[in-house]
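Notes follow once the structure below has been shown.
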Amino acid sequence: MKKIVLALSLFAFVGFTTISCNNDDDNNTTFVELNTLPTAARDFVGNYFPGVEILNIEKYSPAKENGAMYEVNFRNGSDAEFDTSGNWISVEASGNNTIPTGFILPSIVSYVSNNYPNQGINQIEIKNGGFEVELTNDVDLHFDSNGNFIR
């Protein structure tokens, strides 16, 4: 009898744990091919990640909270998120690696190189009407929509 009670308890625990461990966002994710990305996103990938192998491309439905509809994950650990029109929303490198800077406003790149000469940009995200930048030393910087340093 004890074995039956123990087995039922274990079964109930596993069942409740499985039910309560859901993905907290309401997005459905599907994997898509590069040719299904908007042209602007395809061009971005080709221009700023040439020769970097794409691991997968996720399409969110509905878009994520930050407006991202697509996320391109690269074999080197970097990823880039794009809105429905293919405009970049965020770009991030893995670990302490750097992202390409050719698409970043020159004033932001200059600020980083002048004030943090031994650091690179690890992540950039369009956020709150401006840009949030994380450096390779984990320092976070905030810029307005024109690339002017805020904090």
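Whole-Hz Karplus values for the range 93-98 come out as 9, 7, x, 9, 6, 10 Hz, taken residue by residue from phi with 6.51 cos²θ - 1.76 cosθ + 1.60 and θ = phi - 60°; glycine and proline positions read x. In order along the range 119-129, the phi-based Karplus estimate (6.51 cos²θ - 1.76 cosθ + 1.60, θ = phi - 60°) of 3J(HN,Hα) comes to 10, x, 8, 8, 7, 9, 9, 7, 8, 6, x Hz; Gly and Pro are listed as x.
The dipole here belongs to the range 26-143: it is taken about the Cα centre, uses +1 on the Cβ of Lys and Arg and -1 on the Cβ of Asp and Glu, and is about 280 debye. Distant-in-sequence amide contacts of Tyr70, defined by a placed amide H-H separation under 5 Å and a gap of 5 or more residues or a different chain, comprise Tyr60, Phe82.
Taking label positions 7 Å along the Cα-Cβ direction at both Asn118 and Arg42, the computed distance is 4.4 nm, reported to one decimal. For the pair Leu55 and His142, a Förster radius of 41 Å applied to the C-beta separation gives a FRET efficiency near 0.85, rounded to the nearest 0.05. For the peptides 55-65, 71-81, the ranking by packing is 71-81, 55-65, with the highest mean count of neighbouring Cβ atoms within 10 Å listed first.
Remark on the range 49-141: Rg and Dmax equal 13.4, 41 Å (Cα only). Residue ranges 28-34, 100-106 sort as 100-106, 28-34 when ordered by packing (mean number of other C-beta atoms within 10 Å per residue, highest first).
Quick note: the coordinates plus some simple rules give every number you see, no bench work behind them. Please read all numbers here as calculations on a predicted model, not as lab measurements. All Cβ positions, even for glycine, are placed from backbone atoms using ideal geometry, and neighbour counts span all protein chains on display.
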